[in-house]
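Asks: Please find one structure pasted underneath; my questions will follow.
No value in this document is a laboratory result; all are computed from the given coordinates. Because the structure is predicted, anything quoted here is derived from the model rather than measured. All Cβ positions, even for glycine, are placed from backbone atoms using ideal geometry, and neighbour counts span all protein chains on display.
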Protein chains: 2
Amino acid sequence: MMTPLSAMLRRQVFQLRLQNPARQYYHSLWAMSVRSKANMAGELKKPEEASLDLNHLITANRWSGDELAAVKTTHREPTDWVDWASYMTVRTLRSSFDLFSGYKFRTTLGAMHERDWLRRVIFLETVAGVPGMVAGMVRHLHSLRLMRRDHGWIHSLLAEAENERMHLLIALNLRRPGPVFRGIVIAGQGVFLTWYSLMYLVCPRYCHRFVGYLEEEAVITYSKLIDAIDADQLPMFSNMKAPLFARQYYNLPKEAMVRDVFLQIRADEACHRDTNHFFSDLKPDQPNTKVDHLRKGHFQNQNVHSGVLKLQREAQSKVMHETFQSLDHDHDGFISTDDLRWAFQQHDTPFNDEDLDEMVRKADRNGDGKIDYQEFVKVMSEGDFH
Amino acid sequence: MMTPLSAMLRRQVFQLRLQNPARQYYHSLWAMSVRSKANMAGELKKPEEASLDLNHLITANRWSGDELAAVKTTHREPTDWVDWASYMTVRTLRSSFDLFSGYKFRTTLGAMHERDWLRRVIFLETVAGVPGMVAGMVRHLHSLRLMRRDHGWIHSLLAEAENERMHLLIALNLRRPGPVFRGIVIAGQGVFLTWYSLMYLVCPRYCHRFVGYLEEEAVITYSKLIDAIDADQLPMFSNMKAPLFARQYYNLPKEAMVRDVFLQIRADEACHRDTNHFFSDLKPDQPNTKVDHLRKGHFQNQNVHSGVLKLQREAQSKVMHETFQSLDHDHDGFISTDDLRWAFQQHDTPFNDEDLDEMVRKADRNGDGKIDYQEFVKVMSEGDFH
Ligand SMILES: [Fe+2]
Ligand SMILES: [Fe+2]
Ligand SMILES: [Fe+2]
Ligand SMILES: [Fe+2]
């Protein structure tokens, strides 16, 4: 039986489908909640069918189980003075950083907690995104200015920079740092950016070796983090699901845990380590042939659709908010059975008081007998209204 | 009938197939030339089947006929003082450039020849590759330093920069400029890079509008170039095939002409024009939703395999050179019938003197009765030995 409300909703859904997948999603959730009551299942398309497969479009390929298992902490022995200079720079930086960040102190005491790990990871990733971008830009400008080809380095370098930025954004999904920390990061980037840019103009070989050694350390750091999780020293991480952002980026399944994300990140770091040591072995005009990971889709195209995704999220919360307000007839900030009765009366729906009570009961999580906005969002997002 | 030479070649071909597609290609060409004589057609795989489909891997999608036809010269009216400032900057730059480069003078006289067009295009493209890279880098560093998302701008900007660099490399395939011109380009980049970077830090909106107006001019310039070709004013361009590099980049068919390449480039410029005007309309934290062209594959992944391609080209010429030397028995720099007779005697082949004469005659283009290296390369590359 087709009710006027569901008919109206259905019209809306079809109108909005092409315009905005998010609106359509919520409208059809709402329509479904009505439909299931009115016994009209199967008339609407599933929302997934109508909307864009954003998940597939934005993701880099995830590292396979075999690839993850093949990741090793490795060390390339320095063989000449440039190597040694890079190596000593990294060693010095690491020791000072471990000391001043309290890492050395805390690991000795076994007191590295989740927040300490995240602080460390966030700081390191804000730095890690710089070298690839600098090197990519320098080579790009060289190519333009000197009118010569690049031979496949730029793409690889920029992909590395973007990948490191994604590591940062993933870590930020787990913890937002405070103002002091942010100040240090801003100052740190100023210093590091200047130094690295100048060094790259003078001696690219030193710079790539430097990143190679830095990434050796990154692989070690993430390995220790994963070991700590496996040794039950980080209970919060052990039980934490992977954030949606990380799942989308790595194309991980819904049940993925934070540990799976760290495994993916470690594989990325190992890849950057090998690529940069390789770059350091090459002359600047030799071709980059280490592109298999790019061919497989790692690090690629990740942010093409992030703009569209943001719009989608915004549209979602706007539609959600509007729907809530239109249902909250007495404007007290809650949807009560009375509000629902009024809403459905507007559309001559066949719900009785018992139905309305049950709808509220299903959504009402804190048991105050009415639906607040948070509860409304929850129930609409999960689609368990029906 | 299986001859020892062809058997040996076949063995070589199979050994080398996985190792190097280029070697395999030339060995199988050579093997085919023997095979066709020895009547063993069909035993070897076609070289295309065995080797990597590099063509498909490195290309951006080409703009379709409909897309090309939809390209228009457009103008966005300046609406506020930032727009006006950008517009006046571009107008001033263009007028001065037209004057000092002699473009104004030559177009008035109708004396813009191919070399003048190429000089103009090359200079403009060395400049055009800067803004996208600068903007992409600034936004990348902002994202890292301020720990906030980018919302899909970076990828688009870097893809633009890379696309402009490809325009430059394509133009360089048509003409290599001299030292004075190169000096001007180097100085020009220094000035423009500094100015644009500072401006982008101060006012991104101005910068994107500036690029928008610059690209309006680029579309006009390429339109005039195409019109000049169509009006038979540029006979060299009218009859010139698209260089291999451009064909690979745009995935154009073998019969594509230089004019087709300019059409593709103009479509790129129109796309950058619209994207940058769009960026200028957005606030820096609004999401980039103009990503349809990226979704279709335009401007993407173009240089992932250029390193591999370079190695392939090097291997090709090495194998070619070695083969030539091994055939040039008397080391006089030419392959004569005597040389060939000796080569085939080593392997007990059933060729008679008449066959050998015909092989030489087929390859000998300048009619001196022997095959020089250039003729050898030609005949081996075209596979018309058989
Ligand atoms: Fe990282
Ligand atoms: Fe890293
Ligand atoms: Fe261009
Ligand atoms: Fe352009």
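Asks: Could you work out Rg/(2.2 N^0.38 Å) for the stretch B:160-199, with Rg from alpha carbons only?
Replies: Working it through for the stretch B:160-199, the quotient is 1.35.
Asks: Would you kindly work out, in nm and rounded to one decimal, the distances from the label point of A:Leu198 to those of the same position in each other copy, ordered shortest first, with label points 7 Å along Cα-to-Cβ?
Replies: Distances between equivalent label points, in nm: 2.0.
Asks: Still on this structure: Going down the table (A:Lys254/A:Lys378; A:Lys241/A:Lys362; A:Lys283/B:Lys290; B:Lys254/B:Lys378; A:Lys104/A:Lys290; B:Lys104/B:Lys254), which pairs top 28 Å between alpha carbons?
Replies: A:Lys283/B:Lys290; A:Lys104/A:Lys290; B:Lys104/B:Lys254
Asks: In nm to one decimal, list the spacings between the A:Phe181 label point and its equivalents in the other copies, with label points set 7 Å along Cα to Cβ, shortest first.
Replies: In ascending order, 5.4 nm.
Asks: For the stretch B:95-141, take every pair of Cα atoms, bin their distances at 5 Å starting from 0, and report each bin as a whole percent.
Replies: That works out to 5, 19, 21, 17, 11, 10, 8, 6, 3, 1, in percent per bin.
Asks: May I pose another question? Based on the alpha-carbon set only, what is the convex hull volume of the stretch A:57-296 divided per residue, in Å³?
Replies: Enclosed volume per residue, from the Cα hull, is 135 Å³.
Asks: Can you give the Rg to Rh ratio for the stretch B:170-286, taking only C-alpha atoms and Rh from Kirkwood?
Replies: 1.05
Asks: Which trypsin sites (Lys or Arg not before Pro) in the stretch B:236-265 sit in a loop by DSSP (not H, G, I, E or B) and have at most 15 other Cβ atoms within 10 Å of their own Cβ?
Replies: B:Lys254
Asks: Take the alpha carbon atoms of the stretch A:83-179, find their radius of gyration, then divide it by 2.2 N^0.38 Å using N residues; give the quotient.
Replies: Dividing the Cα radius of gyration by 2.2 N^0.38 Å gives 1.38.
Asks: Using a 7 Å offset from Cα along the direction of the beta-carbon, what are the separations from A:Lys104 to the same position in each other copy, nm, ascending?
Replies: Listed shortest first, these distances are 6.7 nm.
Asks: If you take every residue apart from B:Val90 with its C-beta less than 13 Å away from the C-beta of B:Val90, what net charge results, scoring Lys and Arg +1 and Asp and Glu -1?
Replies: 0
Asks: Sticking with the crude label model, points 7 Å out along Cα→Cβ, report the distance from B:Lys254 to B:Cys203 in nm, one decimal please.
Replies: 5.4 nm
Asks: So, one more: Starting from the Cα-Cα distance between A:Ser326 and A:Asn173, subtract it from 0.36 nm times their residue separation and give me the gain in nm to one decimal.
Replies: Result for the pair: 51.8 nm of gain on full extension.
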